[in-house]
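Data first, discussion second: the structure below is written as structure tokens.
The values are calculated or read from the model by the stated rules, or taken from the named source; none is laboratory data. This one's a predicted model, so the numbers in the text were calculated from it and none came from an experiment. For neighbour counting, all protein chains shown are included, and Cβ atoms are generated from backbone atoms with ideal geometry for every residue, glycine included.
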Amino acid sequence: MRAALCATCLVDQFFPEVGEAVVAVLRRAGVEVSFPEEQTCCGQVAFNGGYEREAREAALRFLDVFDGSEHVVVPSGSCASMMKVFYLELFEDDPALLERARSLSERTHEFTEFMVNVVGDTAAAKGFEGKVTYHDACHSLRELRISAEPRALLEQAGAEVVEMQDSDRCCGFGGLFSVKYPHISTAILEEKLANIEATGADAVATTDCGCLMHIRGAMSRKGMQQRALHVAEALAAANAGEGA
Amino acid sequence: MTTQDPEAKAAFLQRVREAIGRTAPLEYVPDYPPLKSAAVRQEEKVRTIEARSLARRDRIVETYLENAARAGWRVHRVWSPEDAADAVGDIAQGIRAKTVARSAEDLFRAVDVDGALRRNRANPVVLAAGRSRSRADVRRLAFEADMGVTGVAYAIAETASCVITPRKGVARVTSLAPPVYAAIVRAEQVLETLDDYFALVRHQHQRSRTRSFNYANFISGPSRTGDIEQTLTIGVHGPGEVHLVLIS
Amino acid sequence: MSVRTAQFRSASAQAVADPKLQTALERVMGHFTEARAHAIEEFPGDSWEQLRERASAIKAHTLEHLDYYLELVDKSVTRNGGHVHFAADAEEAARIVLDIAKQAEAKQVIKSKSMVSEEMELNRRFEEAGVEPVETDLGEYIIQLAGETPFHIIAPAMHKSRQEVSALFQQWLKSAPTNEIKQLCAIARDALREKFRTADMGVSGANFVVAETGTVVLVTNEGNGRMTTSLPRVHVAISGIEKVIPAIEDVSLFLRLLPRSATGQRITSYNSFVSGPRAQSDEDGPEEFHLVLVDNGRLNLLRDPEFREALKCIRCGACLNTCPVYRKIGGHAYGWVYSGPIGAVITPMLTGVKGAKDLPYASTLCGACRDVCPVKIDLPRLLLRLRQREAEGDPARERSSTWLERMLMGRWSNAVKTREAMERSARLGRFLQRPMERSGRIRRLPVPVLSGWSRGRDFPPLARKSFAQVWRERLAQEPSE
């Protein structure tokens, strides 16, 4: 099976280790991974800010970059939603582009969903030691209806998965929102952190690098002991036989 | 009396029309089945509901009583009109009622509530205006009564609702102003669902074009509020204690 | 109600910093969301979803033919002996209601809850005309005594503690202090019973208006709605034009959706169905019935194909209860009658006020509101559309986006045009971040727009090597297993 990795701009520039983890997990499962280097950003930043023209430009580029890929794997629920759902809205008035967007939408997969539903038997190592709680990233959950997949993968990897209260509540990131209304954003985040802490888990895992950056940023500021991981990192750690 | 002139209304409707993107009124009735269904079809529908209600009566009543208990009704199941009257008498005694207001309905010919109340040292008052009683009296007496008793037009199992349709002999205040209320329901008055009830209403509406559905009330439990600290409190403006006397 | 949306930033900051308010929000919002979730559990499979689909379709149909159905309401109510008035705006609506009060020589008016009357600032208008308005819904009564506006559509006084309510009652009703909620309810009951008996006119809202039969449907729990529609000589119902539904048989569907979505109840304690004045022979009930149907900006939504769906709203408040933003800032910060996600969508459209431009950005676009909406309004999409209009510069309104934000967006747009451009920007970024970075994190980000991030959160520095570089150097060559 062949898959093109859409790393997302956050992974590309801030969290390359997440990209490495994704590649390692995919390869272990026997997927032939490529990385079309012309990719930059899916345009979600602009789209959510209301900058439709700029978002469209970015989307057009992605239609080209991933034109021939059999599967496109994205380690981010919100970027995957952008490509699977919102591109269709962006191009709804242009039949030719809409057709291409539809094709890309069908070929695009969020990473955990791809592992469970396309790759199937992942034959993952059980090397992960520790307690993990999963934070449902909003777009993964509500645009793509992904919630069982990441939990199943974490369990397969040997993690003890504990549920936090309101795992499905937003962490308060919301892209532009987090800098436009930092006082509200951080108030929402506080509740998330308290819920994470209450589980007694060693780590919180999620499927979106926006949430990851947000939760990590506050954990680092507060000097919290827990770690915030991308699910792919937990799986890669399991393969390497490491604990949390 | 204040009314709006037809031209002002027409101008308003024209603005609405233009906002939708049309310039002229519709020349046809919108294709909306619940509005278009003819009287004959509605008649059939009502017959079906009646047949189903009859066939499933026991189960419907069971559901009704279960839901009623869950909704905060105190349920009294009786098997005869005499027992129903006694049940009302007992309720009155339980709250040490001095005055009990009731409606003037045929129901009370069979169910001798007045007698039962007197036996329990409560004074029955019929809330109906007439030669000796003005509308103002009706209102005053309702506000002074310790308890109100009425029959119902229907009951609805799905929602544990008593349907009251005020009319001559049935004042709105009887089931509203006293702190305790008892509804007397006959098993054959219980409908299964809200849909059944509104199908009947539509049937009546189609048959008598005017004033068919003037005012109706569902009472589906005690008066309640959560407005202070979202803490459920029973009995604000309406009755805080509601009894359901069901005659099977 | 006066529009104070321009103060969103400061008002929301105050709310977030108010521990008392935070406690109240946490308790009440938690209660509502749990109750709702519990209430819809009894619907197996996708049957709840089907109810939502049907309700959404009925509302869409009604809005597409709204002129027809409004005319049908007029005919039906008139046939029943009532009067229908159409009002273009809040001002006209208030004038109509005041005229009715004047004709009726009303000195005292009892009100059961009406959000449209908040749009009209009807209480103030009554007072100016020498009429005493009394709110009779307990929550509304409390905030009327406090001189405030509703905090929440369903729970208007949820931000008030029992101590605050007791203080208000002591001040206004000369009652003895108490911390017993039951006792407080009893005090209000006694005070309002007198008003019920003596009021000349009752004003109610409308949860639904049925065109076929000309019926106003009221959904209440306390019994004040029944009092208001039964005791005074005149009853005036006020409704937005969007509350119309076509047929009487549609009511059951909406009665299944509304209380469950709002308070998690199967049904409320009372439902009143008012189609006109009392019949001559009736024992009691109003002699006069008026229905005032109000536009007040709603045609702005109807006219706009993208925003028309916002008029499907049945005002259940579920989107407020689930919204992470509302749960932290509450209702008053939104600055007008309607708050939460639906408020953020309709306030800018209804008021047309420039000051409301911040509201569409007061959302993380998490989508929770869309999932709970009983009529399936795609609220996140509408918020996005409003942002698009702001960013593009709607000629009718002032932009919300600052020139700085637009400039940064332009920079971003250039930076992501090609891989090379992105790497170039990243190299510059890595150079610039050096003085800020301390042991793998950035604690202060003195960059316009982005600086808000450093409040409570560290920023990750740009990685030494981008993933693309890592790929080129190490990963591209590695064979698959």
Inset, instruction - Would you mention how many residues in region C:443-472 are buried (at least 21 other Cβ atoms within 10 Å of the Cβ) and either farther than 21 Å from A:GLY223 by Cα or more than 7 Å from chain A (Cβ to nearest Cβ) (or both)? - result: 5
Inset, instruction - Looking at (1) outside any strand (DSSP E or B); (2) within 19 Å of A:VAL22 (Cα to Cα); (3) assigned by TED's automatic domain parsing to the domain that holds A:ASP64; (4) not hydrophobic (A, V, I, L, M, F, W, C), find the lone condition where A:SER103 falls short. - result: (2)
Inset, instruction - Go through C:ARG385, C:ARG308 for me and flag whichever is within 13 Å of chain A (Cβ to nearest Cβ), of a type in the set (Lys, Arg) and touching a residue at least 40 places away in the same chain (Cβ under 8 Å). - result: C:ARG385
Legend entry - Condition check for A:ALA96: small (Gly, Ala, Ser), surrounded by fewer than 19 Cβ atoms within 10 Å (Cβ to Cβ) and modelled with pLDDT of 95 or more: yes
Inset, instruction - Restricting attention to helices (runs of 4 or more DSSP H) lying wholly within region A:6-54, give those where 3 or more residues are touching a residue at least 60 places away in the same chain (Cβ under 8 Å) and among the β-branched types (Val, Ile, Thr). - result: A:16-28
Inset, instruction - Specify which of the listed residues (C:GLU423, C:GLU405) is touching a residue at least 12 places away in the same chain (Cβ under 8 Å), facing another protein chain (nearest Cβ under 9 Å) and surrounded by 16 or more Cβ atoms within 10 Å (Cβ to Cβ). - result: C:GLU405
Legend entry - Condition check for B:LEU127: within 30 Å of C:ILE248 (Cβ to Cβ) and within 14 Å of chain C (Cβ to nearest Cβ): yes
Inset, instruction - Identify all residues within region C:51-107 that are under 17 Å from C:LYS312 (Cβ atoms) and β-branched (Val, Ile, Thr); write none if there are none. - result: C:ILE58, C:THR62
Legend entry - Of the criteria (1) assigned to a loop (DSSP other than H, G, I, E, B); (2) at pLDDT 95 or above; (3) surrounded by 24 or more Cβ atoms within 10 Å (Cβ to Cβ), which one C:ALA94 fails: (1)
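Conditions tested, residue by residue: (1) touching a helix residue (DSSP H, G or I) at 6+ places or on another chain (Cβ under 6 Å); (2) closer than 25 Å to B:SER175 by Cα; (3) at the interface with chain B (Cβ under 9 Å from one of its Cβ atoms).
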position: C:ILE142; (1), (2), (3): yes, no, yes
position: C:THR149; (1), (2), (3): no, no, no
position: C:ILE187; (1), (2), (3): yes, yes, no
position: C:LYS195; (1), (2), (3): no, yes, no
position: C:ASP200; (1), (2), (3): no, yes, no
position: C:ASN207; (1), (2), (3): no, yes, no
position: C:ARG226; (1), (2), (3): no, yes, yes
position: C:VAL234; (1), (2), (3): no, yes, no
Inset, instruction - Mind counting the residues in region B:165-198 that are out of contact with any strand residue (DSSP E or B) (no Cβ under 9 Å at 6 or more places or on another chain) and over 23 Å from C:GLN280 (Cα atoms)? - result: 3
Inset, instruction - Tell me which residues, restricted to region A:154-187, are more than 22 Å from A:PHE15 (Cβ to Cβ) and in a helix (DSSP H, G or I). - result: A:GLU155, A:GLN156, A:LYS180, A:HIS183, A:ILE184, A:ALA187
Legend entry - Selection within region B:205-248 - among the basic types (Lys, Arg) and assigned to a loop (DSSP other than H, G, I, E, B): B:ARG209, B:ARG211
Legend entry - Lone qualifier among B:ALA129, B:ALA97 - being within 17 Å of B:ALA171 (Cβ to Cβ) and part of a loop (DSSP other than H, G, I, E, B): B:ALA129
Inset, instruction - Could you pull out the residue among A:GLU54, A:GLU20, A:GLU32 that is among the charged types (D, E, K, R), at the interface with chain C (Cβ under 8 Å from one of its Cβ atoms) and surrounded by fewer than 19 Cβ atoms within 10 Å (Cβ to Cβ)? - result: A:GLU32
Inset, instruction - Look at region B:132-168 and say how many of its residues are part of a loop (DSSP other than H, G, I, E, B) and within 11 Å of another protein chain (Cβ to nearest Cβ). - result: 8
Inset, instruction - Mind checking which helices (runs of 4 or more DSSP H) fall wholly inside region C:98-215 and carry at least 2 residues that are surrounded by fewer than 17 Cβ atoms within 10 Å (Cβ to Cβ) and more than 19 Å from the chain's Cα centre (by Cα)? - result: C:122-128, C:162-173, C:181-198
Legend entry - Answer from B:SER248, B:SER175, B:SER220 - the residue that is more than 7 Å from every other protein chain (Cβ to nearest Cβ), among the small types (Gly, Ala, Ser), in contact (Cβ under 8 Å) with a residue 40 or more places away in the chain and crowded, with 21+ Cβ neighbours inside 10 Å: B:SER175
Inset, instruction - Examine region A:222-236 for a residue that is at the interface with chain C (Cβ under 9 Å from one of its Cβ atoms) and either in contact with a Gly (Cβ under 8 Å, 6 or more places away or on another chain) or surrounded by fewer than 24 Cβ atoms within 10 Å (Cβ to Cβ) (or both), and state whether such a residue exists. - result: yes
